[in-house]
Amino acid sequence: MTAFIHRRRLFEELSMKEWDIPYDELKLFEVIGTGRFGTVYRGSWHGAVAVKLLHVHSLTDHCLQLDTFKHEVRAFAFTRQAAARALAHRPLPAARQPTSTSWIPPTARYVPSPSLVKLLHVNSLTDHCLQLDTFKHEVATFRKTRHENLVLFMGACMKPPRLAIVTSLCKGMTLHTHIHLRKDKFTANKSVLVAQQISQGMGYLHARGIIHKDLKTKNIFLENGKVVITDFGLFSVTKLCFGTNARGDSLGIPPGWLCYLAPELVRALRPHASLHLPFSKDTDVYAFGTVWYELLCGEYPFKGQPPEAIIWQVGKGAKQSLSNMQASRDIKDILMLCWSYRANERPDFPHLLSTLEKLPRKRLARSPSHPVHLSRSADS
Ligand code: ATP
């Protein structure tokens, strides 16, 4: 038995070596963009690549500074007493709870705030957030993938402090850029084609036992009509950074992230739970529902609402109202199924794919809810 384990470990180490790219072999050109915990460069390694260099400059810096945190909480949109209680993590007496939707649930141990979002740009990761073993484990997941709707993983630099992920370079723009920045309109037919490809890529990941954990329009590229999904399976090391302030009990919430989180994830949000959130295939399907909504409506669900209001509503099972959405019943049904409160009532991706394939195209094309004349097309 011991010999078997030893051989297996040796095999794993050897096969990891295949994917280990010496940092010196990479050429880095301009920065494409900077996310919360990594900077992506256009690079070259036997051809054009994208290199995501993870920020690991100072493992001792705190992700969340207590002073800034207190300042931000003070500026928060509810009473001083409520803020003080939130800081002390004590529930508000029922009588004192603000009546508006923007309040912190009394049992909350986290302090969600739109402003905490900014704090996540602190250029550091704590040991808590980044562990080499987790990184290697997630890289091992990444290398098992090969699908036309998934970005091609080419290798990784695994020697600290240089931790990087090398993938094929995506051309085109992300769905997020199309929808939220350029305000491109997607016709219903086009949305269906995009959704089908996302379902194909996601179905493949799930069939291989890989959960994306961060499916969102920022991580979906459109290259000449072809969908390419990025950033799968790397959530644990790159996405969340929990406060290490004096109390050690604050949670930073990345911008635009909440509306992709299924109720069971929202309910599990609390400090120190970063690596233990109950992600599952079903939580990926919930996130897909949000992408589907963005494609159809051109905006995020719960638009303009503060994080704490979203947390409260989603956590107790409320959904974005579809009453103003002019779309066919079939289209809304997909949305409602993906956003089911109970995880086991959400469809899987093969089921979603076949539902999307059966949507009547002609009827969709003629639907009055979907623009015929587009000022700008998303058919890049
Ligand atoms: P977040 O930190 O919330 O995930 P993000 O997705 O913008 O935000 P990154 O994943 O670090 O952060 O990406 C930074 C930038 O690099 C983004 O503009 C993204 O579109 C771009 N990018 C990421 N991967 C690739 C790729 N393979 N090819 C081309 N551009 C990429």
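The values are calculated or read from the model by the stated rules, or taken from the named source; none is laboratory data. Since we're looking at a predicted model, the values are computed, not measured. Virtual Cβ from ideal backbone geometry, glycine too; neighbours counted across all protein chains shown. Just so you know, the surface numbers come from the protein's heavy atoms only, side chains and all, with ligands and any DNA or RNA stripped out. Shrake-Rupley method; radii C 1.70, N 1.55, O 1.52, S 1.80 Å.
Considering only residues of the range 26-43 that are small (Gly, Ala, Ser) and closer than 14 Å to LEU54 by Cα, which is farthest from the ligand (Cβ to nearest atom)? Step through it out loud before you land on a result.
Narrowing the range 26-43 to residues small (Gly, Ala, Ser): 33, 35, 38, 43.
If we keep only those that are closer than 14 Å to LEU54 by Cα too, we end up with 33, 35, 38.
Working: GLY33: 3, GLY35: 2, GLY38: 4 Å.
The extreme case among them is GLY38.
In this structure, PHE302 does not satisfy being in contact with a Lys or Arg (Cβ under 9 Å, 6 or more places away or on another chain) and touching a residue at least 12 places away in the same chain (Cβ under 8 Å). Of the residues in the range 263-280, none is within 23 Å of LEU175 (Cα to Cα), part of a helix (DSSP H, G or I) and open to solvent by 10 Å² or more (accessible area, probe 1.4 Å).
Every test in (1) without any contact (Cβ under 8 Å) to a residue 60 or more places away in the chain; (2) touching a Pro at 6+ places or on another chain (Cβ under 9 Å) is passed by GLY201 save one, and that test is (2). ARG329 meets the conditions (1) in contact (Cβ under 8 Å) with a residue 60 or more places away in the chain; (2) within 19 Å of LYS358 (Cα to Cα); (3) surrounded by fewer than 17 Cβ atoms within 10 Å (Cβ to Cβ) in every case but one. The failed one is (1).
THR134 meets the conditions (1) out of contact with any Ser or Thr (no Cβ under 7 Å at 6 or more places or on another chain); (2) at pLDDT below 95; (3) more than 13 Å from the ligand (Cβ to nearest atom) in every case but one. The failed one is (1).
Scanning the range 299-326 for residues that are aromatic (Phe, Trp, Tyr), assigned to a loop (DSSP other than H, G, I, E, B) and open to solvent by 30 Å² or more (accessible area, probe 1.4 Å) returns a single hit, TYR300. Taken across the range 291-298, residues that are of a type outside the set (Phe, Trp, Tyr), open to solvent by 10 Å² or more (accessible area, probe 1.4 Å) and outside any helix (DSSP H, G or I) do occur, with at least one present.
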